[in-house]
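Data first, discussion second: the structure below is written as structure tokens.
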Amino acid sequence: MFVIVFKYLLPKGYRGITVFPFIFLLRKEDRQNKVLLNHEKIHIRQQLELLIVPFFIWYGIAFLIRLIQYKNWKKAYRNISFEREAYANEKDLDYLKKRPFLCYLKYIKFRK
């Protein structure tokens with residue numbers, strides 16, 4: 001895993017984005033933000049489990065489905081199963097040590 005500060009790659013409103021094996025951060029001081037880094041490390045694990053390319057295909061399709069469902073960009077993003085898992089566990093810095101394989105599946109939500 002490589003952490004790179006590169007503000008021009010991140011969409012407006014985002015502080016970090018992960019594309020295995022890189023974590024791109026908006027600000028230099030975010031390198032010290034353990035919660036943000038843990039959130040992004042959860043995405044690294046998810047990407048590895050799905051062999052990277054299928055992760056991004058699933059992520060994109062899930063986002064589009066949620067966008068149609070919620071008609072709101074932020075709500076759609078926050079309700080993707082990958083994001084739901086990462087946000088729910090980002091403060092638990094030991095989460096990845098005990099995280100079950102394919103755990104994001106339990107965060108799939110079928111209703112509003």
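The values are calculated or read from the model by the stated rules, or taken from the named source; none is laboratory data. From a predicted model like this one, the values you see are computed outputs, not experimental measurements. Here the Cβ is made from the backbone with ideal geometry for all residues, glycine too, and neighbour counts use every protein chain on show.
Here are the numbers:
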read-out	value
Test for residue 112: is it at pLDDT below 95 and charged (D, E, K, R)	yes
Failed criterion for residue 104 (all others in (1) surrounded by 13 or more Cβ atoms within 10 Å (Cβ to Cβ); (2) over 25 Å from residue 2 (Cα atoms) hold)	(2)
Options 66, 99, 84: the member that is over 24 Å from residue 11 (Cβ atoms), of a type outside the set (A, V, I, L, M, F, W, C) and surrounded by 14 or more Cβ atoms within 10 Å (Cβ to Cβ)	99
Residue in segment 32-52 that is more than 21 Å from residue 106 (Cα to Cα) and charged (D, E, K, R) present	yes
Unmet criterion (only one of (1) part of a loop (DSSP other than H, G, I, E, B); (2) under 16 Å from residue 100 (Cα atoms)) for residue 45	(1)
Residue list for segment 27-41, restricted to those being touching a residue at least 12 places away in the same chain (Cβ under 8 Å), exposed (fewer than 15 other Cβ atoms within 10 Å of the Cβ) and part of a helix (DSSP H, G or I)	28, 31, 34, 35
Tally of residues being of a type in the set (A, V, I, L, M, F, W, C) and in contact with a strand residue (DSSP E or B) (Cβ under 6 Å, 6 or more places away or on another chain) across segment 11-43	6
Subset tally (residues that are in contact with a Phe, Trp or Tyr (Cβ under 6 Å, 6 or more places away or on another chain) and touching a residue at least 40 places away in the same chain (Cβ under 8 Å)) for segment 83-96	2
Top-ranked residue of segment 1-26 - restricted to ones that are at pLDDT 95 or above and part of a loop (DSSP other than H, G, I, E, B), ranked as surrounded by the fewest Cβ atoms within 10 Å (Cβ to Cβ)	21
Pair list, Cβ under 8 Å, 6 or more apart: segment 42-70 residue in contact (Cβ under 8 Å) with a residue 40 or more places away in the chain, other residue among the β-branched types (Val, Ile, Thr)	43/18; 44/18; 44/23
